[in-house]
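First up is the structure itself, then whatever we jot down about it.
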Amino acid sequence: MSKILVDTIDTRSGTSTLTLGSSNAGTIALGSGDVQSNMLYPAFEAYRSSNQTPSNNTLTKVQFNTEILDTDSCYDNSTNHRFTPTKAGKYFVYAQIRIDAESITDLRECRLDIYKNGSVFKNASINFGSTNAIDNACVLVNGVLDMNGSSDYLEIFGYGSASAQPTFLGSSTDKATYFGAYRIGTWAY
């Protein structure tokens, strides 16, 4: 086995693709302590640390106010409650809310939306009907989407329907209402 010691490997002028190996190429292994620097970053996860009370039957932005991690300071947990990544690529996005019907057991419907640039990208919902005795439920939504790394942003909106005002439950203990995303690559599909 041969060893090459260099500080930088780059493409030559006029090219944009650097190819490692040829038809005999296999796996490229990183040494102990080395880090793959262009994947899984930026990344963040935030949660609600206390309850949020939206209006009944109204789609409302969920304010995830406490960060667990934010590698590139791309999540705003105090003003806009949105993720604006600084690197272009494909991102895996996930969110969950726990909705409670307060003191009564008549949660009828709950919904969770991922919004990209102010429009619905993906959503999930549960409809219990008007005769079920449900007090609270969790709704989870996730997906893969393209982000341009400059102006694209993500927000989460929730919806609850009950005879009384629903609540997005927040807690530092179980962190059941959360939102996160991380870059998974740049390939086309």
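Read-outs: derived from the displayed coordinates by stated rules, not from any lab. Since we're looking at a predicted model, the values are computed, not measured. Using ideal geometry, Cβ is built from the backbone for each residue, glycine included, and neighbour counts are taken over all protein chains shown.
How much length would be gained if the chain were fully extended between Thr58 and Leu40, taking 0.36 nm per residue of separation minus their Cα-Cα distance, in nm to one decimal? Walk me through the intermediate numbers first.
Details: separation 18, 0.36 × 18 = 6.48 nm, distance 3.40 nm.
Extra length from Thr58 to Leu40 when fully extended: 3.1 nm.
If packing is taken as the average number of other Cβ atoms within 10 Å across a peptide's residues, how do 140-148, 173-181 rank, most packed first? Please list the in-between numbers first.
Details: 140-148: 15.4, 173-181: 19.8.
Averaged packing, sorted descending, gives the order 173-181, 140-148.
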**Asked** Under a plain spin-label model, where a point goes 7 Å from the Cα along Cα-to-Cβ, how far apart in nm are Lys87 and Thr15?
**Response** 2.4
**Complete:** Percent relative contact order for segment 43-189, counting Cα pairs under 8 Å at least six residues apart, stands at 39
**Prompt:** How much length, in nm to one decimal, is gained on full extension between Val120 and Asn80, taken as 0.36 nm per residue of separation minus their Cα-Cα distance?
**Reply:** 12.7 nm
**Asked** Could you give the nm distance between label points at Ser50 and Val6, where each point is 7 Å from its Cα heading toward the beta carbon?
**Response** 5.6
